[in-house]
Every structure is written in structure tokens, then in C-alpha cells.
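Report on the structure given below.
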Amino acid sequence: MDYTTLLTIADSTVRLSIPLLCACLAGLWSERSGVVDIGLEGKMLAAAFAAGAAAHASSSAVLGLLAAIAVSMAFALVHGFAAISQRGNQIVSGVAINMLAAGLSAIIGNAWYGQGGRTPPVDGAARFGELVLPGAERLAAAPVLGPFYAEVVSGHSLLVYLALAAVPVTWFVLARTRFGLRLRAVGENPAAVDTAGISVAALRYAAVTICGALCGLGGAYLAIAQSAGFLPLMTAGKGFIALAALIFAKWRAWPALGACLLFGLLDAVAIRLQGVVVPGIGQVPVQAIQALPYVMTVVLLAGFIGRAVPPRASGIPYVKER
Amino acid sequence: MSAPIELPKWADVVLVPLVSVTAAFVVAGLVVLSIGENPVEATRLLLAGSLGSGEGLGFTLYYATDFIFTGLAVAVAYHAGLFNIGGEGQATVAGIGAALVCLYLDFLPGVLLLPLGILGAAAFGAAWGFVPGWLQARRGSHVVITTIMFNFIAATLIVHLVVNVIGEPGLTETRAFAAKATIPYVHELLAPLGIALPTSPLNLTFLLALAASYGIWLLVYRSRLGYAIRTVGANPGAAVYAGISPARVIMIAMALSGALAGGLAVNEIMGVQHRLLLEFTSSYGFVGIAVALMGRSHPGGVVLAAVLFGILYQGGAELAFETPTITRDMVVVIGGVVILFAGALEGLFRRLVARGLGVLRRVRAAAPRRAAAEG
Amino acid sequence: MNAYGKTSAPAASAPAIELVGIDKRFGAVHANKAVHLTVERGSIHGIVGENGAGKSTLMSIVYGFYEADAGEIRVGGRPMAIRSSADAIRAGIGMVHQHFMLVEPLSVLDNVMLGAEGGALLEKGEAQARRELARLEREYNLVVDPDAIVGELSVGLQQRVEILKALYRGADILILDEPTAVLTPAEASALFSLLRALKEQGKTVILITHKLNEIMAVTDRVSVMRRGEMVATLPTAETSPPALAELMVGRRVLLRVEKKEHVPGDVALAVEGLSVVDERNCLRVADVSFAVRAGEIVGIAGVAGNGQSELLEAIAGMRRPTLGRIALDGRALDPAEHGPRTLRRLGLLHVPEDRLRTGLVPAFEAFESAALGFADDPAYGKGALFDRQAMVADLAAKMEAYDVRPRDPRLRTSKFSGGNQQKIVLAREIERDPRVLLVGQPTRGVDIGAIEFIHRRLVALRDAGVAILLVSVELEEIMSLSDRILVMCGGRITGERRPHETDERDLGLLMAGVTERAA
């Protein structure tokens, strides 16, 4: 495999891992506050539809992004209402969010555009184009690092850089701010937060709202950056792989980036290995590589390698004890 | 505040699901309105399409067959206090099991082949449910996350098998099963008896689904094993006290749940498609969650809820044909709202029902007094 | 100066806290009945009482965790509306809960700062917190590494973090709820010197406990609560453990149970050197040995949480003993087969302490709950399916014999009153002809009529030659039923008495861990 191929793989790794990263960080915010969210997939899908529709209507990619974030936050707040205020079952609520998003995006898309649920293709200002970072062209000639900078680092849409920036921001807010400290505490022991005179519900609502915003970013990326419009079920399980990545990252921001890049790499390699015969092994079943993230997560969860312990209070509604 | 809301049994069994389903339909009606269609007309088309003709009814019951199995799968696990969202994966793997029997044991006579195929589906589905159960019982990994992962692993597994191993070259399906390996259609069975039914995919698996419902009812509410399952689900402390091993019950319940999800594969693969193909589960595993929640995890309720969703699916298909703006995805929306209302917001609806009953009682208590005062 | 920026300087002469007519009900339970309490500034004030006397509820009201139904809280002479923990913190009240309110994966520093971070970014507050912790360390000799992870600290150190949290928020009044329940003796004495140091600095300490020796050792004044009422407040110097024990238990009208002289037979249940370590690696039962003979009721007295529950569960096979042997009828039990099923077959039956969480399934119809543990009985149906008619008939007969009301075996278990639920459990166990019966809290939450009935049944069973091990936190129950009394404290047996040779004061001392040697 030559250097150019490696660069191509690295480039598609970045592209493929971005939606995972958005959903993974979204899940991180929610679950660190103690609200389990298996509705990342649905929120991202609803957001992708909103982005496609709004970008088409307004011819503005930014408005598309804002619409995506707004819709995704609305879904997040429904989940929050069920999980925080009504102390309902968070898993059940997440399943409902996923179905609602899948059904509504298809129905409304079909009713509005009559193209089998797609939104009309968008282009130009309605889409986030690829940015060429300063010096990319000039440095491309430089040996080794030059092409890497030009191919892999440069040439992505604004949303890619936003998603990547969300990693240090998430880390910083959680580790270094008052809000982050309280959030980490409420996911582990809400009673400690309550007795410290802080509202458990307010913190958790804030967390699910941020979760919604990040899912919105991921959805917008899928619809109006990576593609040129919304396609039915275009999230294709990415919200669930993100959940796996979150477990893999043990609910921490930087490892989340690592896990998403790893899963993105697996995806990129799987696409390239389609039909390739590897000497000595024969044809590698692509599906084996595709299944790897899930298999690894199961193995990790079962404690066969290391241990992934979720925030202690996650999934449990907070009830003041008698 | 957190104390369980006690309701009369009839309200618990009938009123709460009814209120949440009604609310779900109101939401669906609003969606129909918002896309500029008439909900009343939509409902009429839906009912006519699903119940108005023999063919429609056949399709309705065929869909209901799938939902009975996936609904029972969720219900059984729920009785053990588990949330099995792995019905999709379990049904997928069950399809592989059924196909292996039907493809490679088809030298056997039909009387042996059909039961073996069904057993193959049940066994494979059970295994795919058992492993997450085992992982929860013995390794402490949560069954919800594991079953999600197992859904995806099953999805890649079937693609690999069909594309690379047992499928027809270049196609995403296997060869068709021998005729003796297929479960007879109802209209074909009844034709020799002089009963002419319109062609529909309704096959004998429907009877199997009804039998399974009865069997699960017996098992859950009448058998020693069901007693153990319900005890673990309702009060794990009491189970330990009684000498029932929660770990063992969790594994049994998950295997049973997976086997039931396998019924979906029997209906689709052996009953209708007669070959193994990709994505035959069509998210019916998730619909099973709505069905189980609506049916309050009681097999009788599950059958009723499954028929309701059968009506929605078949009627939805007809509706989509007549009114192209309303696609069958409407059913998914209704399913989602039912899950949200009857599941996640159950407490809210129980409180509403309790309050409503309270008002009713006060009104009724006040009425005779008023009558007496006036008289 | 404190991190919370509290400005109101309280009047110098006013008491630190005054409670006026505090009243609180939880449904049918009247937890606090018009309680009055005055706590002087700069003193250590003890509050003692038995389990359920209302101490913890009272302090939770002061800390804003619950709101009182009636009454007034005055802090430093001024009436305060304390509706939340935040209000209490602002009023200068800090509380160390019995179950620590700590976030275990976080550092000591993070835990101390939580809720009092001093700005949106942690960095600035962190520096200040470190300085403040260093000051507190100097002032009170409170040594804790600020960067240690709380979950990795010993229980004693975790408690220190709780105290630091309160002091960091500028608490002038510190409430400690059963602080020594989880401490080793060395840790406890370190805590007491800390409390004295706090007092020196003018802080007010309220110490909730049921251990009388602690009261005597460290407090200036002591208040006694009994059944929701404040029955006395005395200077500690003017009282004594026996006097306090008497105030705690009161002079109650004993429910007299007609009891013949007992004729004990052979040893039916023998426990030797039994120790139990729980899930959290805490030693709950420490080297306990005793025997129960046929035709004898042995009562285990003790304040709840002193290992009785774990002892009972270990004997019943619900919990694996760490060490020790259990023998039935002289035959040692093989630990491998020591499970509830085997034990039931061998004639060891068990009325568990908590009928709702263990003894019954509230969601089941009564006849199903009445089969708990005996679902394998062929009388309930052959093969895999139940004979429900037989089950219903079986419970109907038992309901008749035990006067369970309503006599409806099909009614949901949760719909019966506590007393009737308890009768269902008793009927289920007693009618199986036990050789040994373990009974935990048989009359908790049970009305008077049912109590009498249950007591008579137990005595009749003893007269019929059954060996009964009774665990109860109700002293009068232990006194009136037992032929021998063992007292447990801190997982150990602190004494053995015959009921006619002892009184409640004597038992109260043993329950408080004041053993013969210490007294």
C-alpha cells in the first residue's frame, strides 16, 4: 500500500468518524449527567432532515445547521421531560425517540417533496463546502507531512472542524468549570448535588440540551456537508456505533475522539477491502470488519478486557429518599 | 410522590392503555393534518384497506403474526424485569437457523422438515438472546446495550452469510426452498375444502402465533417457571429468599424471548419469502416493543395490540396507495408515540387517569346529595 | 470569612438553634410531634433515641431536606424559612449524613468545592479551596490529601471530607447523624477530638446517636427522643447511661404474653464462629456463636443495623457466611448446599424482617405470595403447571386459621394491611411444621390486635417444641417472648440474659455497646 492510499484512507477516516464523534460527545454529555440516551440515532436523523429541508428552503447552510440543532434539541427535551421530570424509563423513551424520528422524517419528507422521503439536492451556499486551510496548496509539495496536511487536515467542511473542536471544549468544560464539576457529580451521586443546594433537574436538562445540540451538528454534517441533501434513514446506525464508541471511551472526551477515529478507520478500511484478496488469508469478509466495533464493545462490557463502568447514577431517575 | 399510583384493576388493564393509545392517535391525526390531509378520511381508508376486504384482512393478520411474536418476546423478558430490544437481531439469526434447515435438510419429508425448520429458528433465536442474558447474569454487562450490539452483529452476520456463503452468486438472497419446506398459505389450504379466500400472505404461522400466545400465557401465569420469572421481575429480594436464582431466570427468560422473536423469521422466511434474504425483519422487532407496552405484557393484550398494529400496517399500505402523501411510516410514528406514552410517560398517564377517576368519584358522590337537597 | 460569603453575624447570646413545635407526618406515621429543642452556641449537643424515634427526621427538617408540617426554626435567634439544603447552607448549617453525600470518583478537592466553587472556572476557586483546606488542616488537624480520590479513601477519611465540606461552606452549626456507625474505635476517638476542637473554635455540634457511651464522652447537653417526642433535655454531667436508657425506652405497658415454663429439648440450631462480610467489604457479623434448643425462643435484641439482619440472612442461606459453621439438629451444613431451598427441606423456615421487599411479592395475588419458597410443593400441582384451585384453597384455609382479613386469596398482596400481610407470611412458614423458625421483626408496622395474635402463635409454636430465633428491635417484644436474650452491637454478641434477670435499662446498655467489662 503506497502513501497516497494511506492518505486517502486517513482522509475518509476523518470524514466517516465525524458523525460518530458528534453523537458520541452528545451521548457523553447526557450520560455523564445520569441520563441514558439510546435515542442519539433518532435525534441525528431528525436533525439531518431538518438541515436538508431548511437548507433547501433558505439556500443557507447556516440556517440548515441552526434548524438541525433546534429540531434535535426539541427531541432531546422530550427525552428529558420523560427521563427527568416524569422519571420514566430512559431506555423506552430512547426507543420511542428513534421511531418517532424515523417515521416523522420520512412522512414529512414525502409529503413536502414527494421524492420518497428525500429532500431536494442542495448545493452552493446551501451546503457546507470544503475549506482549504491556509498554505495547504503551497505545502502539498513538501515531503510526507505536506500531502498529509493538504489531504487529511485540510479540505474538510466547517462542521468537521466544529466537531473536532467540540472535543477539547467538552473536555475543558467538564474538567475545568463549575458547570462541568456539577455535571460530573450529578451523574455519579445526585443526592450529593442536591444536598449541596444545587438543582439536579436543571443540571440534567442542561446536559440533554447540549446532547441535542451536538446531535444536531452531526445530523447537519450528514445532510448538508457530507451529502447534498437528506436521504431516508441516512444515519444508518451511526447513533448506535457512537454509543459503542462512548462505552469504549469510558465516557471521556479525548478517548471518545480516539474511539470514533478507530471506528471510522474500520469503516474506511472495510469499504476499501471490499472484494480485495489478502494473500494468505483470502478474501476478507468486509462484514467481519464492520461488526468489529460491536463485538469489541460487547467484549469490553463483559469485562474480558478492561472494564467499562458507566456513571453510577446513569439510567436511574432521581427521587429524594425518605 | 414516588409511591406507585394504585388504580382499580380495570383501569390498569383497560383505561391506561386506552388513554395512551388514544393520545397516540391524536398525535398521529395532528401529523396528518399538518401535512394537509384529512385525518377522518385517512382513518376511513385505513380501516377499509385493512378490514374491508378478505385480502386486506389476510394481510392484516399476516402482519399481526409478526407482531405477536416480537411482542411476546419483549413481554416475556419484561416479566423477568429485563428490557430486550434485541428482537431484530434474534429474529435475524433465527432466520439463518430456519434457512439452514430448509436448505440443507431438505432431503427429509415435509412433516419432519417444517417442525425442524421452526425449531431451528427458535434455537438460533434463543441462542442470540441467551448470550446477552448470560453476559448480564454472569458478567454484569447490561442487557440493553448488549442486545443493541447484537442487533448489529446479527445484521453483518446475515449479510456475510448470504453474500459470501449460502446465497446465490451475485444476489442478496439464497435459492428458494423446496415446496415441502414452506409453511402453507391459508388460502391454499382452504381451497380444497371449497372455501375460496383471496390470495394473501397469511399462512399457518398465524395459528402458531396464537398457540404461542396461549403457551406463553400458561407459562407466565400458570407454571412454576413463570412464577419464578415473575418473582425475579417483580421482587428480586423475594426471589433470593425463595431460593430462586435470579441469574438462572435471566438466562432462561432471555433465551425464551429470543426463541419467540424467532417466530418472526418463521412467518417471513418459511411462510412467505421461502428463501433467506436480507432485512426481512423490517424493524418489526422494534414494533414488538410498542405491542408489548400496549398489551401490558399480557399475551392476550399482546395479541390485541398486534392485530391493531396489523391493521395499521396493512391499512397504512392501502392508505399510502390512495393518498401518496401519507406513507406507511405513519405507523412507525404511531408506534413511537405509543412507546413514549404507554412506556416512558406511563407515570404521567397513570396520574391523569387516577385524577380523572377521582373527579368522577367526587362528582358521583355529590350528585345524590344534590338530588336529595333539591328533592 | 468563608467561601460562601455569609455576612449575617448572629447575635452573640442567642442559642445557635431553636426548634419550636416542629411537627411532621409521613402518611400515617407521625415522625415528629411538636418537638421543642434549644441548642446553645458553642456546645456539643447530643440527641439520643431508639430507631424510629424521629431523630433523623428532625435533623433532615433542620437541613431543609424535608419541610415541617408545622413549627418554626430559629437560627441565632432569628426565624428562618429553611426549604432546601441551599437555605440551610446559607443559614450556616452543615450536615454529615449517615450515608455520605460524596461523589466517589471525584477528588477530595472537587467534593469540597461542589456547590461552592467560587466562580464559573474552577481554577481560581481551586486555589482558594486549597488555601482554605490548608487552614482547616492547621486549625483542626484535619489531614486529608486534597487530590486523593474520595472512593479510595477509608470510611473515616471520607467522613472527614464530609466535615470539611460543611466547614468550607462556613457552617457554624454542624449536624452529625450516627457518625460512628461506620467507624473503627480509633477513628471514632479521632472524630471526638475533632468535635471538641470545633467546639473550642465556637462551633456548635449536634450529634445524633444511639450510643450512650458516646453521649457521655463528648456532649455537653443531651436530648432524648422517644416515638417522635422530645422527652427530656439534660446537662450530660447530671445524667448517666442507665438514666438515659430508661428515658429512651420509657416505661411502657408490657404486652403480657401468657407463657408456660419452657422445657428446652436438644439443640436444634447451632451457630459457631459465624462472621459475615457484606458487599462493601464491611464486617457485619463478627464471630458469633450461640445455640437454640427445641422448645425455646431465643431473642436477639439490638439497635437496627448492628448485624442482626445479616446474621439472620446468613443462617437462612440468603447470604454466604465468610467464616463459621451452622448445624441443624447436630448435623453441620455443607456450605455448598446451604441455600434457602435445602434449608426449607430440612425444616428451617424463615419469616424475614422485611415482608414487602423479601417476604412477599406485593404485585402478586395473595395465594401466589403464599407459595413463595414452596412453589415446588406437589400439593400445588403436579408437573410444570400449578393447580391454582389447590393453592387458593390452601391459603383460604390458612386465612381462616390466622384470621386474615379480607379473606380473599385472590386479592393483590399489596392491598392487605401490614398486619394481614404479616399473618400471610407467618401462616405460610408456620403451617409447614418447622423444626427451626427464624423470625425477623414479626410485628413491625402491625396493629395491636395482630401483634397479640402473632405473639400467641409464636409461643404456641415454642410449646410445641419448635426452636425459634427471634430478631427484633422492639425491646418489649424481646422481653415478653424470649426464654433467653442475646444482645448484639456492632456485629458482636455483647451479652446474654434471662428475661426475669434483666430489665430494659440493662439491655439498653448492652445494646449501646456498654458491656460488663466497660461498665
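The values are calculated or read from the model by the stated rules, or taken from the named source; none is laboratory data. Only a predicted model underlies this, so the values are computations on that prediction, with no experimental measurement involved. Positions of Cβ are generated from backbone atoms using ideal geometry, with glycine treated the same way; all protein chains shown enter the neighbour counts. The accessibility values were calculated without ligands, DNA or RNA, using every heavy atom of the protein model including side chains. Shrake-Rupley method; radii C 1.70, N 1.55, O 1.52, S 1.80 Å.
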Out of C:Glu400, C:Glu431, sole residue that is of a type in the set (D, E, K, R), open to solvent by 60 Å² or more (accessible area, probe 1.4 Å) and touching a helix residue (DSSP H, G or I) at 6+ places or on another chain (Cβ under 9 Å)
C:Glu431
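Could you tell me whether A:Ala249 is surrounded by 24 or more Cβ atoms within 10 Å (Cβ to Cβ) and either at pLDDT 90 or above or away from chain B (no Cβ under 14 Å) (or both)?
In short, no.
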So is B:Gly140 open to solvent by 10 Å² or more (accessible area, probe 1.4 Å) and either within 21 Å of the chain's Cα centre (by Cα) or small (Gly, Ala, Ser) (or both) or not?
yes
First in the stretch C:187-202 and open to solvent by 20 Å² or more (accessible area, probe 1.4 Å), second anywhere and in a helix (DSSP H, G or I) and among the hydroxyl-bearing types (Ser, Thr, Tyr), Cβ under 8 Å, 6 or more apart
C:Ala197/C:Tyr140; C:Gln201/C:Tyr140
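Based on what the data block shows, is A:Ala196 open to solvent by less than 10 Å² (accessible area, probe 1.4 Å) and closer than 30 Å to C:Lys165 by Cα?
Values: open to solvent by less than 10 Å² (accessible area, probe 1.4 Å): yes; closer than 30 Å to C:Lys165 by Cα: yes.
Yes, satisfied.
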Flag for A:Glu41 being open to solvent by 20 Å² or more (accessible area, probe 1.4 Å), within 14 Å of chain B (Cβ to nearest Cβ) and part of a helix (DSSP H, G or I)
yes
Return a yes/no flag: does the stretch A:284-292 have any residue that is more than 14 Å from the chain's Cα centre (by Cα), within 23 Å of B:Trp128 (Cβ to Cβ) and modelled with pLDDT under 85.
yes
The stretch A:52-171: helices (runs of 4 or more DSSP H) wholly inside it with 3 or more residues that are within 14 Å of chain B (Cβ to nearest Cβ) and open to solvent by 30 Å² or more (accessible area, probe 1.4 Å) are A:61-80, A:90-113
Can you tell me which condition C:Ile424 does not meet? The list is (1) more than 24 Å from C:Ile326 (Cα to Cα); (2) of a type in the set (A, V, I, L, M, F, W, C); (3) open to solvent by 10 Å² or more (accessible area, probe 1.4 Å), and all the others hold.
(3)
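Could you tell me which of the residues C:Ser309, C:Ser240 is assigned by TED's automatic domain parsing to the domain that holds C:Glu477 and of a type in the set (Ser, Thr, Tyr)?
Going through C:Ser309, C:Ser240 in turn, just one is assigned by TED's automatic domain parsing to the domain that holds C:Glu477 and of a type in the set (Ser, Thr, Tyr): C:Ser309.
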Mind checking which residues of the stretch B:167-183 are out of contact with any strand residue (DSSP E or B) (no Cβ under 6 Å at 6 or more places or on another chain) and surrounded by fewer than 18 Cβ atoms within 10 Å (Cβ to Cβ)?
B:Glu168, B:Pro169, B:Gly170, B:Leu171, B:Thr172, B:Arg175, B:Ala176, B:Ala178, B:Ala179, B:Lys180
Can you name the residue in the stretch B:52-96 that is of a type in the set (Val, Ile, Thr), closer than 22 Å to B:Leu308 by Cα and in contact with a Ser or Thr (Cβ under 7 Å, 6 or more places away or on another chain) and is also surrounded by the most Cβ atoms within 10 Å (Cβ to Cβ) among such residues?
B:Ile68
Return the residue satisfying two criteria in turn: it lies in the stretch C:354-373 and is surrounded by fewer than 22 Cβ atoms within 10 Å (Cβ to Cβ) and more than 8 Å from every other protein chain (Cβ to nearest Cβ), and of such residues it is nearest to the chain's Cα centre (by Cα).
C:Leu356
Working only within the stretch B:267-306, note down all residues that are open to solvent by 20 Å² or more (accessible area, probe 1.4 Å), in contact with a Ser or Thr (Cβ under 7 Å, 6 or more places away or on another chain) and under 29 Å from B:Gly81 (Cα atoms).
B:Val303
Here are the criteria: (1) within 14 Å of chain A (Cβ to nearest Cβ); (2) under 30 Å from B:Arg175 (Cα atoms); (3) part of a loop (DSSP other than H, G, I, E, B). Tell me which single one B:Gly288 does not satisfy.
(3)
Among the residues of the stretch C:331-353 satisfying the criterion of being at the interface with chain B (Cβ under 9 Å from one of its Cβ atoms) and out of contact with any Leu (no Cβ under 6 Å at 6 or more places or on another chain), which is nearest to C:Val404 (Cα to Cα)?
C:Pro352
Top-ranked residue of the stretch C:85-99 - restricted to ones that are open to solvent by less than 40 Å² (accessible area, probe 1.4 Å) and not in a strand (DSSP E or B), ranked as nearest to the other protein chains (Cβ to nearest Cβ):
C:Ala86
Given the options B:Thr172, B:Thr146, B:Thr182, name the one that is of a type in the set (Ser, Thr, Tyr), touching a helix residue (DSSP H, G or I) at 6+ places or on another chain (Cβ under 7 Å) and within 10 Å of another protein chain (Cβ to nearest Cβ).
B:Thr146
Can you give me the number of residues within the stretch C:382-395 that are crowded, with 20+ Cβ neighbours inside 10 Å and more than 8 Å from chain B (Cβ to nearest Cβ)?
3
Just to be sure I understand, how many residues within the stretch A:214-230 are touching a helix residue (DSSP H, G or I) at 6+ places or on another chain (Cβ under 8 Å) and either surrounded by fewer than 23 Cβ atoms within 10 Å (Cβ to Cβ) or basic (Lys, Arg) (or both)?
1
Of these, C:Arg405, C:Arg484, which one is at negative phi and open to solvent by 60 Å² or more (accessible area, probe 1.4 Å)?
C:Arg405
Tell me, yes or no, whether the stretch B:84-101 has at least one residue that is outside any helix (DSSP H, G or I), more than 14 Å from every other protein chain (Cβ to nearest Cβ) and not hydroxyl-bearing (Ser, Thr, Tyr).
no
When you check B:Val302 against the structure, is it β-branched (Val, Ile, Thr) and within 12 Å of chain A (Cβ to nearest Cβ), yes or no?
no
Would a scan of the stretch A:283-295 turn up a residue that is more than 10 Å from chain B (Cβ to nearest Cβ), open to solvent by 20 Å² or more (accessible area, probe 1.4 Å) and over 26 Å from B:Arg139 (Cα atoms)?
yes
Go through (1) touching a Leu at 6+ places or on another chain (Cβ under 7 Å); (2) within 30 Å of A:Val193 (Cβ to Cβ); (3) among the charged types (D, E, K, R) one by one and return the number of the condition A:Asp267 breaks.
(2)
From B:Val337, B:Val359, B:Val272, B:Val353, which residue is within 11 Å of chain A (Cβ to nearest Cβ) and either at pLDDT 90 or above or part of a helix (DSSP H, G or I) (or both)?
B:Val337
Kindly check whether there is at least one residue in the stretch C:421-430 that is in contact with a Gly (Cβ under 9 Å, 6 or more places away or on another chain), part of a loop (DSSP other than H, G, I, E, B) and not aliphatic (A, V, I, L, M).
no
Output for Cβ contacts, cut-off 7 Å, separation at least six or different chains, first residue assigned to a strand (DSSP E or B) in the stretch C:6-35, second hydrophobic (A, V, I, L, M, F, W, C) and at pLDDT below 90, reads C:Lys24/C:Ala31; C:Arg25/C:Ala31
